[in-house]
1. Among the strands (runs of 3 or more DSSP E) contained in region 142-198, which hold 3 or more residues that are at pLDDT 95 or above and of a type in the set (Ser, Thr, Tyr)?
2. Could you list, in sequence order, all residues of region 119-136 that are more than 21 Å from residue 62 (Cβ to Cβ), in a loop (DSSP other than H, G, I, E, B) and in contact with a Phe, Trp or Tyr (Cβ under 7 Å, 6 or more places away or on another chain)?
3. Quick one: residue 113 ticks every box in (1) in a helix (DSSP H, G or I); (2) in contact with a helix residue (DSSP H, G or I) (Cβ under 7 Å, 6 or more places away or on another chain); (3) over 26 Å from residue 14 (Cα atoms) except a single one, so which number is it?
4. Which of the following residues is crowded, with 16+ Cβ neighbours inside 10 Å, among the charged types (D, E, K, R) and not in a strand (DSSP E or B): 106, 71?
5. Looking only at region 78-102, which residues are part of a strand (DSSP E or B), free of Cβ contacts under 8 Å to residues at least 60 places away in the same chain and farther than 14 Å from residue 160 by Cα?
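The values are calculated or read from the model by the stated rules, or taken from the named source; none is laboratory data. Source: prediction; values computed, not measured. Heads up, the Cβs are rebuilt from the backbone with ideal geometry, glycines too, and the neighbour counts pull from every protein chain shown.
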Amino acid sequence: MPAHDVPPTATGEPAEVTALLLPVPGAEPLVDAWRRRYDPSATRGVPAHITLLFPFLPLLALSPAVLDRIRALLADHGPLEFDLAGVRRFPAGVLYLAPEPAAPIRALIDAIVDAFPGYPPYGGAFVDIVPHLTVTDQAPPDVMVTVENALVPRLPVRCRIREAWLMAGREGAGPWRLVERFALGPAARTSTSSSPGR
């Protein structure tokens, strides 16, 4: 069942869905203050990140077998090295930092989607998936200009990413939390699986 069709829980609350993402701690000093003001995910506990897959499996559908499958897949990709080299924009007030090179991240996203075809990125809303680190969401044009002017002189930011996170929360409300960490690259093959928090 696609994550965006997850039925409510017995209490009537929306069920928790999950997201796979690449946390980018090296970007936090640059974007944290802006994200807290203009990206709602920041105040819900989601770090500066590049999304790999959202929405993903419902939290209750995560089994040890699924986690092992993700872990094995990520073992073939990474660690990832890239620069956050430019500021770009999407519609709806989204300003983001663009990773370069983006091809290895796209390859990782494609591999995850191939492994879980029932969960297209962003519910299938976009044909071309562009790896990005969101700084503002639904920001007015003047705010985007201000943020861009503040960010550009501090770029590029060199990043080396050694792990992906699986986070869970309810779409549109409440905090998100870390469920599982997955090593990128060969180290993942020697990691042991832990049970997802529920």
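1. Numbers: elements: 157-161, 163-170, 173-183.
In region 142-198, there are no strands (runs of 3 or more DSSP E) which contain 3 or more residues that are at pLDDT 95 or above and of a type in the set (Ser, Thr, Tyr).
2. 132 - this is the single residue of region 119-136 that is more than 21 Å from residue 62 (Cβ to Cβ), in a loop (DSSP other than H, G, I, E, B) and in contact with a Phe, Trp or Tyr (Cβ under 7 Å, 6 or more places away or on another chain).
3. So residue 113 meets the others, but not (3).
4. Values: 106 fails: crowded, with 16+ Cβ neighbours inside 10 Å.
Testing whether each residue is crowded, with 16+ Cβ neighbours inside 10 Å, among the charged types (D, E, K, R) and not in a strand (DSSP E or B) leaves just 71.
5. Going through region 78-102, the residues part of a strand (DSSP E or B) turn out to be 80-90, 94-100.
After this cut, where a residue has to be free of Cβ contacts under 8 Å to residues at least 60 places away in the same chain as well, the list is 88-90, 94-96, 98, 100.
Selection gives 88, 89, 90, 94, 95, 96, 98.
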